[in-house]
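Asks: Would you mind keeping the following structure in view while I ask a few things?
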Amino acid sequence: MNKREVIVSTKRLANAYLSSVISISLVLLLVGVALLLLVNARSISDYFKENMKVSVMLTQTASEAKAHELEKALSAKPYIKSVEFVSKEQGIEEMKALLGEDFLDIFETAPIPISINVSLPAQYVTSDSLDIVKAAILDMPLVEEVVYERSLIDALNANIKKLSLVLSVFIALLLFISFALINNTIRLSVHARRFTIHTMKMVGATRAFIRKPFLIRSVWQGLASAFLASVMLLSLLAALGRGFEQLGDIFRPGLVALVLGILALSGILICAASTFFVMGKLLSVDKSELYY
């Protein structure tokens, strides 16, 4: 083989290696996105729960001074995460936006009372806990009514469990597909070296000796693919974070790091396992089968 042929062969191998890394990294990216949603399912649920508002409606006779005292009392409760004071004027403006400018025409006086919107820590946003919290708030002075969307809370709690199950099945399916795709990619890459492998067999090299450089290369291939997938995943999170600032509160850094670690381990294991099985099959074929 002359120098020109060596250069062409090296370029082909480099191109095959690069295309393999890109293909594997794209598959790992899909796995990473699904994993990110799965491990952060609790955080996603907590975010939506803690952003749900419970409206504490005060009596019509409540003054703003007394209402502010109640606001301070509520903020001191362990089951209250945050409070938001809503004056009569603010309430009227919100109702105008919802029902139209003339909704007050049928009333002699504005029926909108002072209210306080409260949000609860995630562990309190369940049907049973909310019933207890509601009863405790209703016992406080000046409180007329406590309003929240019970059906929405029940649906949220039920759907989070379903989401976790669906994501688990989806990840298992993706891992199966990724193993099949990566196995095929590596098979094509290794198949291009089949004559070299056969020559090594002819001179007495053991299976372990022949496998070793391919397995080492597959480990680096898996790491490179996982690194590229991690870069793409972090870039995707950064792009989403610019439009949705609360993303950092939902996707916790520790869990993101866990996902990246799983991607690295998955890339190594899948590539190494695929190479091992492909090599085992290739080492068992006869010389006549190398041409097909």
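Asks: Which Cα, out of Q221, S178, M202, lies furthest along the positive dipole direction of the stretch 167-237 (beta carbon charges, K/R +1, D/E -1)?
Replies: So the residue furthest toward the plus end is M202.
Asks: Would you tell me the accessible area of F179, worked out with a 1.4 angstrom probe on the heavy atoms of the protein chains, in Å² to the nearest 10?
Replies: About 70 Å², ignoring ligands and nucleic acids.
Asks: In addition: Of K88/K162; K53/K161; K49/K88, which pairs sit farther than 30 Å apart, going by alpha carbon to alpha carbon? Write down the numbers at each step before the final one.
Replies: Numbers: K88/K162 41 Å; K53/K161 22 Å; K49/K88 26 Å.
Correct reply: K88/K162.
Asks: Then there's this: Which translational diffusion coefficient, to the nearest whole µm²/s, is obtained for the stretch 136-182 from the Stokes-Einstein equation, given a Kirkwood hydrodynamic radius over C-alpha pairs, 37 °C and 0.692 mPa s?
Replies: On the way: Rh = 14.4 Å.
Value of D from the Cα-based Kirkwood radius: 229 µm²/s.
Asks: Near A67, within a Cβ-to-Cβ distance under 15 Å, what is the net charge of the other residues, with Lys and Arg +1 and Asp and Glu -1?
Replies: Summing Lys/Arg as +1 and Asp/Glu as -1 gives -4.
Asks: Still on this structure, I have one more. Arrange the residues T275, T196 by how much accessible surface each exposes, largest first, with a 1.4 angstrom probe. It would help to have the intermediate numbers written out before the result.
Replies: Values: T275 5, T196 65 Å².
Order by accessible area, largest first: T196, T275.
Asks: Still on this structure, I have one more. Lys/Arg Cβ at +1, Asp/Glu Cβ at -1, dipole of the stretch 10-89 taken about the Cα centre: which of T61, L28, A73 is farthest positive-ward?
Replies: L28
Asks: Taking square-rooted eigenvalues a ≥ b ≥ c of the alpha carbon gyration tensor, is the stretch 211-286 rounded, prolate or oblate, where a/c under 1.5 means rounded and, failing that, a/b exceeding b/c means prolate?
Replies: Working: a/c = 4.34, a/b = 3.56, b/c = 1.22.
Verdict is prolate for the stretch 211-286.
Asks: Something else about it: How do 118-127, 223-232, 26-35 rank on mean C-beta neighbours within 10 Å, highest first? Let's see the in-between values first.
Replies: Numbers: 118-127: 17.7, 223-232: 20.2, 26-35: 21.9.
In decreasing order of mean packing, 118-127, 223-232, 26-35 become 26-35, 223-232, 118-127.
Asks: Then there's this: Between V147 and S235, take the C-beta separation as r, use R0 = 51 Å, and let me know the FRET efficiency to the nearest 0.05.
Replies: Working: r = 42 Å, r/R0 = 0.83.
Calculated transfer efficiency: 0.75.
Asks: What's the whole-number percent of alpha carbon pairs in the stretch 164-246 lying beyond 22 angstrom?
Replies: Values: 1754 of 3403 pairs.
For the stretch 164-246, the fraction of Cα-Cα distances above 22 Å is 52 percent.
Asks: So, one more: Going from most exposed to least, what order do E89, E50, E84 have by accessible area with a 1.4 Å probe? Numbers along the way, then the final one.
Replies: Details: E89 110, E50 55, E84 85 Å².
Sorted descending by solvent-accessible area, the residues read E89, E84, E50.
The values are calculated or read from the model by the stated rules, or taken from the named source; none is laboratory data. From a predicted model like this one, the values you see are computed outputs, not experimental measurements. Neighbour counts run over all protein chains shown; Cβ positions are idealised from the backbone, glycine included. Accessible surface areas use protein heavy atoms only, side chains included; no ligands, DNA or RNA. Shrake-Rupley method; radii C 1.70, N 1.55, O 1.52, S 1.80 Å.
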